[in-house]
Amino acid sequence: MFNITKFIVSDLIKNWILVLYSVFLLLATLGFFLLEGQGDKAILGVLNLTLLLVPMITVIFSTIYYYNMYEFMVLLLAQPLKRSRILASIFLGLGIAFGLAVGLGLGLPLWILHPTPVALMLVGVALLLTVIFIGLALLVAVWVRDKARGMGFALFLWVYFVLIFDGLVLLMMYNFSDYPIGKVVLFITFLNPVDLGRIMVLMQTEAAALMGYSGAIFRQFFSEWWGLIASLLIMLVWALVPAAISFRMFRVKDL
């Protein structure tokens, strides 16, 4: 398993898409701080870019990589290797490679330009989203044999978590605006790791004061240590459950 993971990581770090991804994050982060000047405003810009770009690149690239590794996996299965170890090697390889890209492209400039707890929270959220969407990508790729359909499902997941989910929540808040639904919206947020990551970072900045009644409820929850721990645990559940389901499906799947 270690040798397979090492091979995958060495293969991925040479991939020009992953290199461009890291360089773009680095240049974009530097650009926000040079243009905004103020740390909190730059952090908000980097946050919006991270929540849009990290899930998209991760889920698309990971899905394509699994399909491109199909023949290699079949060759490995001819050896006395467990299926779970093969898929775990791909999962770990993708996680390590994307983690390095996020660390160099996002973590390094933030550590140099804005070494604060908010920046640390942002990098942590980016890494968690990376692991989450790798797990979702593997789940889709293992479930759907056809590459075109698999890519369609992967793109739909990204659109749903980044765009559609927020639209549904806003529609619900508009229709039930006369009722105190702040706590309901808080729990609904747990169903979307992208929104949960956004709120975890926003609640540590001054922007939380501009979110009204719901923002006050969110700030009360996320400012407490138990609230942050609960949020991190939910993010970890989002990271582990799709991966665990994909492992279970891969063990019994007819390749």
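Counting other Cβ atoms within 10 Å, which trypsin sites (Lys or Arg not before Pro) in segment 1-74 have at most 16 and lie in a DSSP loop?
K14
Given labels modelled 7 Å from the Cα in the Cβ direction, how far is it in nm from F7 to L163?
3.9 nm
Can you spot the lysines whose alpha carbon is less than 21 Å from K14's alpha carbon? Ignore those fewer than 8 places along the same chain.
Output for K14: K6.
Enter the accessible area of W238 (Å², nearest 10), with the probe set to 1.4 Å and all protein chains included.
In the full protein context, W238 sits at about 60 Å².
Run down the lysines and flag those whose C-alpha is under 29 Å from the C-alpha of K41, throwing out any fewer than 8 positions away in its chain.
In chain and number order, the partners are K183.
What full-extension length gain, to one decimal in nm, is calculated for Y174 and R83 as 0.36 nm per residue of separation minus the Cα-Cα distance?
Stretched fully, the Y174-R83 segment lengthens by 28.0 nm.
How much length is gained on full extension from I17 to A230, taking 0.36 nm per residue of separation minus their Cα-Cα distance?
Separation in residues times 0.36 nm, less the Cα-Cα distance, equals 73.2 nm.
Please list, or write none, the lysines whose alpha carbon is within less than 24 Å of the alpha carbon of K253, excluding same-chain residues fewer than 8 places away.
Partners found: K82, K147.
Please calculate the 1.4 Å probe accessible area of V46, with all protein chains present, and give it to the nearest 10 Å².
Taking all protein chains as shown, V46 has close to 0 Å².
Quick one: 3J(HN,Hα) in Hz for segment 138-153, Karplus 6.51/-1.76/1.60 with θ = phi - 60°, rounded, Gly and Pro as x.
5, 4, 5, 5, 6, 6, 9, 6, 6, 5, 5, 5, x, 5, x, 5
Students often check this: by mean Cβ neighbours within 10 Å, which of 75-87, 100-112 ranks highest, and how do the rest follow?
With the highest mean Cβ count within 10 Å placed first, the list reads 100-112, 75-87.
Which ³J(HN,Hα) values, rounded to whole Hz and listed in residue order, are derived for segment 115-126 from phi using the Karplus coefficients 6.51, -1.76 and 1.60 in 6.51 cos²θ - 1.76 cosθ + 1.60 with θ = phi - 60°, glycine and proline given as x?
x, 10, x, 5, 5, 5, 4, 4, 5, x, 5, 4
Among residues other than G93 whose Cβ falls under 11 Å from its Cβ, what is the net charge (Lys/Arg +1, Asp/Glu -1)?
Summing Lys and Arg as +1 and Asp and Glu as -1 gives 0.
The values are calculated or read from the model by the stated rules, or taken from the named source; none is laboratory data. If you're wondering where the values come from, they're calculated on a predicted model, not measured in any experiment. All Cβ positions, even for glycine, are placed from backbone atoms using ideal geometry, and neighbour counts span all protein chains on display. Just the protein is used for accessible areas: all its heavy atoms, side chains included, with ligands, DNA and RNA removed. Shrake-Rupley method; radii C 1.70, N 1.55, O 1.52, S 1.80 Å.
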